[in-house]
Amino acid sequence: MMRRGKPVDHVDIKVVLLGKAFAGKTCLVQRYIHQTYNDTPYSNTIGAAFASKKLISKGKHVVMNVWDTAGSERYQSMSKIYYRGARAAILCYDLTDKTSFEKVRFWVGELQTNEENCRMYLCGTKKDLIDDDPESRAVSLSVVQSLAQDLQSDIYETSSVTGETIDEMFDKIAADYVINMKNIPPTTENGADESVILNEYSPPVHRWRCSQC
Amino acid sequence: MKVTNASVTYIATPLEQGLIGRYQVEDPTNQLQSPTTPPHGIMSPLELLSRNEDAARMSVDQPDFSILSKNFANIDVSTPEMQQKIDFVKIQSQVFVNRQKVDVKDLWTHIRVIDKDVPRTDRDQEYFRGARNPHLTVLRDILVTFSAFHPVIGYAQGMNDILARFLVVFDSEVEAYWCFRNYLDHIQEEFTEEGMMKKIDLVVMLLREMDTELLDHLNKHDLGDLMFCHRWLLLGFKREFSFADSLRCFEILSSHHLELFSMEAENARRKEVMKEFENFAYIFPGGGTRSEHLAVRMDYTFELFMCLALLMDCRTELLKCIDSAMVFGTINSLKINLEETLTKAAKLFYKYCKKTVEESFLMIDPPKTSTSKR
């Protein structure tokens, strides 16, 4: 889908991060965009934050528009505004906090109901803590795998401290999008003029992949 | 106060019970975690507090007021008059505390979030810097107390930022608590989804009055929700400025100086009243509802004009935006200067008042083509 005033081979991807408060969403975005961890004063996210990054995937110029939402459960339906039209959702859970994975199931339901074209990526955070102390793992890989299998989505266990697996995840998101873009109707986020459906939509089928395999 | 634990073989540690946060006893660079097992049942705050050793310092015969506020440090509590006062306060506090039942499970949920937010509240400020900073404990205690006594609002993210301002300025647990509590009385709606949406809608309405072209452009691309105002409004622009500037901004916003006291606002209100008299006689001879769209809106507070001033700063860029990424990108790259923003916001405020006055004259002497609707 082309937009006015932009290079012809350029695609925008809307990626949204969802997850419980303190799951590590903001740090993940910081790491991905600026390659740093915690070097700016860091605080809880109010509303949502936005950042973008350019990359080349499968020969295409891609702009990743990353929406970092607040984990606060108070403004849950406001999140709809932020994930509307998203093509990829990174569902974050804290590997050391079991309840954060329960929240992932909630977001899965939300997205399945409201955004059928949004592909989900399961993202465990704070992997470095697990590496330091394997006992602190509260979300087992097998539990996540069974959800990933249902969703046919990928699992990434990441660390924003070390940067582990973060670039891989975003690269995969870009690649998936570029490969599948022809199968997906254009986004309707910005009005009817762009909602011409070119092809019949067929759900993309791909296998889940564990990042450790 | 005695708590019987005779039949219990294992007593959870204060940390596990959520009575303290890990950051209070350990180095904050280590992992920060709340207790993992929720306590059960309903307890009175007194019972809850009686399990806390720190709280016990206040229930002995010679209460240590210095832990509450530096202003109490020099009080001589040995005089009969003071003893009487203290006895009265004790009875009063018992009454208050027993009146308020606390759903411990609910409170525990709030404490979990509080313990995630406290160690990341303004840690770049001297006041909150460093491992095991005692001010973090005060911050936490106030938030926990507040959520225990205000179960309907509880704790919401952002309250930590609001409280931090009071605490830094007063450097007193008692004063910060009461200011925070009273301030939240006014703004608690903003911590609900509907309340915040309503507030953001006010910015939209104000933009419609002041710059229809910009709003039309944004609406055309489905960008008219102005969601980026959320943080500005909730925290009074705290995160947009340096801490010192944010304090100044907060003081200005909460004084409502222009809305309440400016000649322009007074003028506009007077014209409004005049217009209403005329309208009743002219349009609704039998009485009727006042026309809403021309009213000087008392809920157009100065912070809304601040939002508008910031939008005007990047107006040219916003007029080029065709999707929400571009809008947020534009907002992100704003270089916000407090002094300039205040000046611009004040100008917009005067402009709005003037416009309203002019419109009320139009209304008093309506153009011949206009049709009045009921």
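Taking 7 Å along the Cα-to-C-beta vector as the label spot, tell me the A:ASP9-A:LYS98 distance in nanometres, rounded to one decimal.
Placing both labels 7 Å beyond Cα along the Cβ direction yields 5.1 nm.
If you count, for every residue in B:218-230, the Cβ atoms of partner chains within 10 Å of its Cβ, what is the mean?
Working: counts 0, 1, 3, 4, 7, 3, 0, 2, 0, 5, 4, 1, 6.
Taking all residues of B:218-230 together, the mean is 3.
Using a 10 Å cut-off on Cβ to Cβ distances, tally the other chain neighbours for every residue of B:315-324 and report the average as a whole number. If you can, show how the numbers build up before the last one.
Details: counts 0, 0, 0, 0, 0, 1, 0, 7, 10, 11.
The per-residue average across the peptide is 3.
For the peptides A:94-105, B:340-351, what is the packing order when you average, over each peptide's residues, the other Cβ atoms within 10 Å and list the highest mean first? Display every interim value, and only then the final one.
Numbers: A:94-105: 20.2, B:340-351: 17.8.
Top of the packing list down: A:94-105, B:340-351.
So, with +1 on the Cβ of K and R and -1 on the Cβ of D and E, and no other charges, what is the size of the charge dipole of the range A:10-182 about its Cα centre, to the nearest 20 debye? Write out the running numbers ahead of the final one.
On the way: 21 positive and 23 negative charges, 159 e Å.
With only Lys, Arg, Asp and Glu charged at Cβ, the dipole is about 760 debye.
Go ahead and run the numbers for FRET between A:LYS58 and B:MET205, Cβ-Cβ distance against an R0 of 60 Å, rounding to 0.05. Spell out each step's value before the answer.
On the way: r = 46 Å, r/R0 = 0.76.
Efficiency, from the Cβ-Cβ distance: 0.85.
What are the ³J(HN,Hα) values, in whole Hz, obtained from phi via the Karplus relation 6.51 cos²θ - 1.76 cosθ + 1.60 with θ = phi - 60°, for each residue of the range A:75-87 in sequence order, with x given for Gly and Pro?
Each residue's phi maps through the Karplus curve to give 10, 4, 6, 5, 4, 3, 4, 7, 8, 4, x, 5, 9 Hz.
Provide a whole-number value for the mean count of partner chain Cβ atoms within 10 Å of the Cβ atoms in peptide A:44-54.
6
Within 10 Å, count the other beta carbons around each residue, average over each peptide in A:137-144, A:158-165, and list them highest first. Could the numbers behind the result be given before it?
Numbers: A:137-144: 15.2, A:158-165: 19.6.
Ranking, from highest mean packing down: A:158-165, A:137-144.
Counting only residues 5 or more places away or on other chains, whose amide H sits under 5 Å from the amide H of A:ARG119 once H atoms are built in the peptide plane?
A:ALA88, A:ALA89
Separation between the B:GLN83 and B:LYS351 pseudo-spin-labels, each 7 Å from Cα along Cα→Cβ, expressed in nm?
6.8 nm
Highest mean first, what order results for B:308-321, A:16-29, B:89-102 on Cβ atoms within 10 Å?
Numbers: B:308-321: 17.3, A:16-29: 25.5, B:89-102: 12.6.
Going by the mean number of other Cβ atoms within 10 Å, highest first, we get A:16-29, B:308-321, B:89-102.
The range A:10-182: Rg/Rh from Cα coordinates, Kirkwood Rh? Provide the component values of the computation, followed by the final result.
Working: Rg = 15.0 Å, Rh = 16.1 Å.
Rg/Rh: 0.93.
Can you list residues from other chains, or at least 5 along the same chain, whose modelled amide H is less than 5 Å from the amide H of A:GLY71?
Those lying under 5 Å, H to H, from A:GLY71 are A:PHE22, A:THR45.
Between A:LYS80 and B:GLU340, what is the spin-label point distance in nm, taking each point 7 Å from the Cα along the Cα→C-beta axis?
Result: 3.8 nm between the two label points.
Once R0 is set to 25 Å, what does the formula 1/(1 + (r/R0)^6) return for the Cβ-Cβ distance between A:ASP167 and A:ASN38, expressed as a FRET efficiency to the nearest 0.05?
Details: r = 18 Å, r/R0 = 0.72.
The pair A:ASP167/A:ASN38 has a calculated efficiency of 0.85.
For A:TYR93, what residues show an amide H to amide H distance below 5 Å, using hydrogens built from the backbone and excluding near sequence neighbours?
Under 5 Å from the amide H of A:TYR93: A:CYS123, A:GLY124, A:THR125.
Calculate the FRET efficiency for B:ILE91 and B:HIS150 from the Cβ-Cβ distance with a Förster distance of 22 Å, rounded to the nearest 0.05. Walk me through the numbers on the way to the answer.
Details: r = 23 Å, r/R0 = 1.04.
Between B:ILE91 and B:HIS150 the formula returns 0.45.
Throughout, read-outs are computed from the coordinates displayed, never taken from laboratory work. In this text the structure is predicted, and so the values were computed from the model without any measurement. Positions of Cβ are backbone-derived with ideal geometry, glycine not excepted, and every protein chain shown enters the neighbour counts.
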